[in-house]
Amino acid sequence: MIRTAHGRHRRAALALSAALITAGCSSATPHPSAPAFSPAIVTNAPCSAVAEPATVIRPASTDSTGIHKIQHVIVIMQENRSFDSYFGTYPGADGIPAANAHFTGGVYDPGTGRCDSPYHDPSMINYGGPHSQLDATRDVNSGKMDGFVTRLQAAQHNCASTVDPACALSSVPDVMGYHDAREIPNYWAYANRFTLQDHMFEPNASWSLPEHLFMVSEWSAVCATPDDPSSCRNALNNVEYIRHGHDPYAWTDLTYLLHKAAVSWAYYVSPGTQPDCADNAALTCKPVPQGPATPDIWNPLPGFTTVREDGQLGNIQSVANFYTAADQGTLPAVSWVVPDGSHSEHPPASVRNGQAYVTKLINSVMRGPEWSSTAIFLSWDDWGGFYDHVVPPAVDENGYGLRVPGLVISPYARSGYIDHQTLSFDAYVKFIEDDFLGGRRIDPSTDGRPDPRTDVRENASQLGNVVADFDFNKPPRPPLLLPQLPPPGPASTLGG
């Protein structure tokens, strides 16, 4: 039986069969023959999106005894999926609102004047929608959570870059589509065996670059003076980039604290193409090669003053080194792993290829000698324009952003557990600091390298504690080795 953080089972009935996936808005009419990329459309029906109120789920009572059994933290960051687009029908999760095996809401489509409902999308290639700061604001639409199709219709088209956050890749909307165990059986298997977080929010209400900056530093800023942290100012939609011959990220990041405490770390980059556009110039930017030495949207650490001054640019490595370290038992204490474009799941990259890449990463850890002391945090950096019904809680001028999937995979992770705490990537940083740094924070008043950030994100009252996702009193669970290219899972059951 699926166990939840505080007994919320109101959506357990969402294990829908394939025949029941075509619910409509308000009073719905099934469309069992709806083709891929064509949402179930209900004519002459009111379009009433169902949005869950921005209720902050307070941190659970956690016992940190045993946290030091985790000697290796691995953050695997994929791209551009909302929670509802991957786990919206996962039993017991806070998924797509439904009643009597029908979805109960939908989103207005200005192109047709009709209501687009969530629908099962079997395609492994998706297109999503625009996902900049403006799009996050319009998608949320003052808590109505109904702007997804409207923003897609207003997006730029025929862009030079296929992954520009301001661009739409297809005129046929698929932002209301969702996947389940039929397309992503391994992700559902991990949720079944380990822990699923159904209130994980991107830390910043914007696109990929700010999310990766937050992932390693808790902030997104622009700095007037190279290498001077006091010159930095908040920038929610950061587009500053290493293109002027200096390091633009002068503020303090987590690697600075790790280096001071002699805690090992590595940032693993998958060689391939660089994603997104550094300046959102949809008609001019083109993909360029990505590698460990190439600073880019998913690889910002080469642009941090601290990394250069600490002599740790060599810690930014090829993902090939990750596989070697996992096999030989030489993983650092803290690892971040980012994909290349073709394995990122960032539209239009294949979901199947992305899942296979993630499975290979996780299998390599599970086969290695350090599995019994490892925690893997798997998430997706932003929502990618895909529908989600949960209103993000307000934290500060930066976020939170929209909800994304989150999984905790560890021999100590609670099995079949759904964590309803309010979380963001800040919780990963908090866990790392509590495990390896004695609870020291990226805090201008204490970290020895002050910058003008206005808050300490790890200390936000809304933020949960991922220690709640572990049970350190039980013996470590054996690995779950999965095929990289699994057959599709069943439509209405867990993927494990």
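Odds and ends about this structure:
Table: residues versus (1) basic (Lys, Arg); (2) at pLDDT 95 or above; (3) assigned to a helix (DSSP H, G or I); (4) under 29 Å from Pro483 (Cβ atoms).
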position	(1), (2), (3), (4)
Asp164	no, no, no, no
Ser171	no, no, no, no
Ala189	no, yes, yes, yes
Gln197	no, yes, no, yes
Asn204	no, yes, no, no
Phe214	no, yes, yes, no
Pro226	no, no, no, no
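- Test: Asp381 is farther than 24 Å from Phe322 by Cα, crowded, with 23+ Cβ neighbours inside 10 Å, modelled with pLDDT of 95 or more and charged (D, E, K, R): no
- Failed condition for Ile442, given (1) in contact with a helix residue (DSSP H, G or I) (Cβ under 8 Å, 6 or more places away or on another chain); (2) of a type in the set (A, V, I, L, M); (3) closer than 28 Å to Ser117 by Cα: (3)
- Test for Asn100: is it under 16 Å from the mean Cα position of the chain (by Cα) and of a type outside the set (Phe, Trp, Tyr): no
- Qualifying residue in region 353-374 (condition: open to solvent by less than 10 Å² (accessible area, probe 1.4 Å) and either charged (D, E, K, R) or not in a helix (DSSP H, G or I) (or both)): yes
- Among (1) more than 24 Å from Ala333 (Cβ to Cβ); (2) in contact (Cβ under 8 Å) with a residue 12 or more places away in the chain; (3) over 24 Å from the mean Cα position of the chain (by Cα) - the single one Ser445 does not satisfy: (2)
- Scanning region 322-346 for residues that are within 15 Å of Pro271 (Cβ to Cβ), part of a loop (DSSP other than H, G, I, E, B) and either without any contact (Cβ under 8 Å) to a residue 24 or more places away in the chain or open to solvent by 10 Å² or more (accessible area, probe 1.4 Å) (or both) yields one hit, Asp340.
So that you can scan it fast, the table gives a plain yes or no per residue for (1) of a type in the set (Asp, Glu); (2) free of Cβ contacts under 8 Å to residues at least 12 places away in the same chain; (3) open to solvent by 10 Å² or more (accessible area, probe 1.4 Å); (4) within 17 Å of Met200 (Cβ to Cβ):
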| site | (1), (2), (3), (4) |
| --- | --- |
| Gly66 | no, no, yes, no |
| Met77 | no, no, no, yes |
| Asn80 | no, no, no, yes |
| Phe103 | no, no, no, no |
| Arg114 | no, no, yes, no |
| Asp121 | yes, no, no, no |
| Ala136 | no, no, no, yes |
| Gly143 | no, no, yes, no |
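- Some residue of region 408-415 being part of a loop (DSSP other than H, G, I, E, B) and among the charged types (D, E, K, R): yes
- Selection from region 430-461 of residues that are farther than 28 Å from Thr225 by Cα and surrounded by 15 or more Cβ atoms within 10 Å (Cβ to Cβ): Lys430, Phe431, Ile432, Glu433, Asp434, Asp435, Phe436, Leu437, Ala460
- Flag if Thr255 is modelled with pLDDT of 95 or more and either surrounded by fewer than 23 Cβ atoms within 10 Å (Cβ to Cβ) or among the hydroxyl-bearing types (Ser, Thr, Tyr) (or both): yes
- Of the residues making up region 347-366, those that are in contact with a helix residue (DSSP H, G or I) (Cβ under 8 Å, 6 or more places away or on another chain) and farther than 20 Å from Pro479 by Cβ are Ala349, Ser350, Asn353, Gly354.
The values are calculated or read from the model by the stated rules, or taken from the named source; none is laboratory data. This structure is a prediction, so every number in the text was calculated from the model and none was measured. Every residue, glycine among them, receives a Cβ derived from its backbone with ideal geometry; neighbour counts consider all protein chains shown. These accessible areas exclude ligands, DNA and RNA; they are computed on the full protein's heavy atoms, side chains included. Shrake-Rupley method; radii C 1.70, N 1.55, O 1.52, S 1.80 Å.
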